[in-house]
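See below for the structure under consideration.
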Amino acid sequence: MSVAVILGGHWGDEGKGKVVDLLADRFEYNVRYGGGANAGHTVVNELGSFALHQVPSGIFHPGVRAVLASGVVVDPTALIEEVAELEGRGVDLSSFYISERAHLVMPYHRALDLAQERMRLGARIGTTGKGMGPAYTDKAAREGLRVGDLLDPASFLEKVRRNAELACARLERVYNAQAPDCAEMLEQVSRWPEALGPRIRDVEHELRTAWHRGSPILLEGAQGALLDLDVGTYPYVTSSQTGAAGALASAGLPPGAVVPVVAVMHAYMTRVGEGPFPTELHDEVGDSIR
C-alpha cells in the first residue's frame, strides 16, 4: 500500500475524522486534499476531545507529517487560532505543513458568502458562511491569493489591497451589503506571513518524492462524495472535488497511485445543509434513531 484515500460516502458527518485517527499511524503523510474551515472532524484521545477544522486528523500521531495540499482553501485567521489551541493543549505541530499552492480565504470572502446566500432567498444552498465558495470562485477566475504569496509580505499586501477594492465594490453595489473595513483587514492579514511562513512548503513535490520512494500516504477528505462539485447533488454541493480523483489532483499524484479508497458510510443517513432529502423521517422513528 502506497497511497490510500479516506472520504465520506454521503453528505458529510460520517465520522471520517475518527477513521483517519484510527489508521493514521500506519502512514508517513496525512494529507487534507480539499475544503477548508467548513470541515469539522472530531477526534477523542488521551489529551481530550478535539474539533479539527483545517489541521489533518493524523496530527496526534508522532512521526506522521500532517499537510494541507493545493486543493484546500486556507483560512489563516481560523488556522492560527486552531494551531494555538492545539499547541496549548500539548499537541506537537512541528510536522504540520501547508502547500504554497493552496488558496487563501480572505475576510471579504466571508462577507461575500453571507451576502450571496442572503440574496438566494428561497433557493439557498445552506453554506457555512465561512467564505469557501467565493474563495474557490476567485481561484477559478485566476484572481485568488495563494499561501505562497505570504512569503513576500509587501507584494502580498499590495495584492490584498487590489482584490479587496473589487470585492468591497461588489458587496456594496451588487449585494447592498456592508463591506469589511479595509484598514482593519490589512492590519489583520499583515500578521499572517510571520505566523504561517515557517509552515509553507512545496508540498506536492514532497509528496511525489515520497510516493516514488514508496512512503505510505493517507489522503483525507473533508466533505462527503455527494457534495462533490461535479458529480454530487448539484447545486447543493461544496465548491471542490471531494472524491478520490480530486484527492490525487490536489496532491499532485498520478491516477494509478491509489490503493485503496475507503468510503466511510452512515448506518443512518443524514444530510448537511440545504437540498432535497426524500428519505428523511419526520416522525417519532426518525427522532428515536437520531
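Could we say that K130 is at pLDDT 95 or above, of a type outside the set (V, I, T), within 17 Å of the chain's Cα centre (by Cα) and surrounded by 18 or more Cβ atoms within 10 Å (Cβ to Cβ) here? No, not satisfied. Among the candidates V20, V5, the residue that is touching a helix residue (DSSP H, G or I) at 6+ places or on another chain (Cβ under 7 Å), open to solvent by less than 20 Å² (accessible area, probe 1.4 Å), of a type in the set (V, I, T) and in a helix (DSSP H, G or I) is uniquely V20. When the criteria are applied in full, L171 fails the requirement of being of a type in the set (A, V, I, L, M) and closer than 30 Å to P276 by Cβ. Taking into account only those residues within the stretch 23-40 that are modelled with pLDDT under 90 and open to solvent by 10 Å² or more (accessible area, probe 1.4 Å), which is nearest to the chain's Cα centre (by Cα)? Only one residue tops the list, namely N38. Return the pair list, or none, for Cβ contacts closer than 6 Å from residues in the stretch 98-117 that are more than 16 Å from T238 (Cβ to Cβ) and open to solvent by 10 Å² or more (accessible area, probe 1.4 Å) to residues that are of a type outside the set (A, V, I, L, M) and part of a helix (DSSP H, G or I), at least 6 apart or on different chains. Partner pairs satisfying both residue conditions: E100/G148. What number of residues within the stretch 121-171 are in a loop (DSSP other than H, G, I, E, B) and either farther than 17 Å from G36 by Cβ or in contact with a strand residue (DSSP E or B) (Cβ under 7 Å, 6 or more places away or on another chain) (or both)? Total meeting the criteria: 7.
Which of the residues that make up the stretch 180-205 are acidic (D, E), in a helix (DSSP H, G or I) and open to solvent by 40 Å² or more (accessible area, probe 1.4 Å)? Within the stretch 180-205, E184, E187, E194 qualify.
When A267 is tested against the conditions (1) of a type in the set (G, A, S); (2) surrounded by fewer than 14 Cβ atoms within 10 Å (Cβ to Cβ); (3) touching a residue at least 40 places away in the same chain (Cβ under 8 Å), the lone failure is (3). Just wondering, is there one or more residues in the stretch 217-224 that are within 23 Å of A24 (Cβ to Cβ), in contact with a Lys or Arg (Cβ under 7 Å, 6 or more places away or on another chain) and charged (D, E, K, R)? Taking every residue of the stretch 217-224 in turn, at least one turns out to be within 23 Å of A24 (Cβ to Cβ), in contact with a Lys or Arg (Cβ under 7 Å, 6 or more places away or on another chain) and charged (D, E, K, R). Per the conditions (1) assigned to a strand (DSSP E or B); (2) open to solvent by less than 10 Å² (accessible area, probe 1.4 Å), the sole criterion not satisfied by L93 is (1).
Within the stretch 206-220, is there a residue that is in contact with a Gly (Cβ under 8 Å, 6 or more places away or on another chain), touching a residue at least 24 places away in the same chain (Cβ under 8 Å) and assigned to a helix (DSSP H, G or I)? The answer is yes; a qualifying residue exists. No other residue among T242, T233 is open to solvent by less than 50 Å² (accessible area, probe 1.4 Å), more than 19 Å from L68 (Cβ to Cβ) and either in contact with a Cys (Cβ under 8 Å, 6 or more places away or on another chain) or part of a loop (DSSP other than H, G, I, E, B) (or both) apart from T233.
With respect to T279, determine if the residue is of a type in the set (S, T, Y), more than 18 Å from L207 (Cβ to Cβ) and open to solvent by 80 Å² or more (accessible area, probe 1.4 Å). Yes: the conditions hold for T279.
The values are calculated or read from the model by the stated rules, or taken from the named source; none is laboratory data. Because the structure is a prediction, the values reported are computed rather than measured. We place every Cβ from the backbone using ideal geometry, glycine too, and count neighbours over all the protein chains shown. Surface accessibility is based on the protein's heavy atoms, side chains included, excluding ligands, DNA and RNA. Shrake-Rupley method; radii C 1.70, N 1.55, O 1.52, S 1.80 Å.
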